[in-house]
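Remarks on the structure that follows.
The values are calculated or read from the model by the stated rules, or taken from the named source; none is laboratory data. If you're wondering where the values come from, they're calculated on a predicted model, not measured in any experiment. Neighbour counts are summed over all protein chains in view; Cβ atoms, including those assigned to glycine, are modelled from backbone coordinates with ideal geometry. Heads up: the accessible areas ignore ligands, DNA and RNA and are worked out on the full protein's heavy atoms, side chains in. Shrake-Rupley method; radii C 1.70, N 1.55, O 1.52, S 1.80 Å.
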Amino acid sequence: MNSGDPSTWLAAFKSDTFFQPFFNILLFMPIGAYLKWRHRWPLWLITLTSFSISLFFETTQLTGLYGYYSRAYRMFDVDDLMMNTLGGIVGAGCLHLIPKQWRNRDHSTRLNWQEHPINWRRIGALVIDWLAIAAFDTVYFVLVKHFNWPLPHDFRWLYLADIILFFIGPAWCWHGKTIGGRLLNSQIVTISGHQANLWQLLIHYSGLYLIGLPLLFLDLWLFNRLGNVPSATLNRLDVYLVVVSVILLIISYDLLLALFSRSHQLWCEKLSRTTVK
């Protein structure tokens, strides 16, 4: 680009050497601005967070979705890592361009624990339950694979056993509380606040783990199959993948709303007339 010749500016802006770094910076600017405005994080922590999120994206690309896809679908790009991190820093710095009186009018960060929209107890209980499942499944794999115990080798049955043993069973016996729920005092109740019955628990957990999570596995399987089928079949699989991905996206968005909003009910909670408190 010749700075003295305006006719060369547009061509320079369209080139990859400008286009890609610019949008990598732009992509992470909202993250830095959000953390600085809403949470008053220091610049070093915003930098570390932007770097960590970008590193997660780049590692995901390199590993092929951590082994779900048979090969990496993009390369690990150090330039993207640097530009994304810089974007978080620039986003935080851009807040100084906003008039101070505007920033002082925003009282959304003045929330106490009870008013905070994120349901940390629900998230924590879910993490504890799945850590317990991971430990149980690890022991099961060791007993079956290395000690040749006469247990079922079809791990689809193990998945069903996990749902019954760690979600439906404990919630039925402990008045809507799983292992994580007992530790963090989080439980499933009816919308009127009473104890949920067995049918309501079945509908609640079936929607989450017998429909929602299997759709994720189906989506990854279809995605992996695209590179191993003839072109005539490829068109049909493309349609299946799009349909499943759209449904999964809607369910995922619904789940995120439930985790980050105490008033939102999942679709399966509305169907079973239950809620988590």
Length gain on complete extension for the stretch TRP172 to LYS270, per 0.36 nm per residue less the alpha carbon to alpha carbon distance?
33.4 nm
At PHE147 and LEU256, where each label point lies 7 Å from the Cα along Cα→Cβ, what is the point-to-point distance in nanometres?
4.2 nm
Probe radius 1.4 Å, ligands and nucleic acids left out: which of THR17, THR47, THR190 has the largest accessible area, and how do the rest follow?
THR17, THR47, THR190
Once both label points are put 7 Å beyond Cα along the C-beta direction, the THR190-PHE22 separation in nm becomes 6.0 nm
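Roughly how many percent of the accessible protein surface of region 147-277 is carbon and sulfur, given a 1.4 Å probe and a whole-percent answer?
Ligands and nucleic acids excluded, carbon and sulfur give 69 percent.
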At 7 Å along Cα-to-Cβ for each site, give me the label-to-label distance between LEU213 and MET82 in nm.
4.2 nm
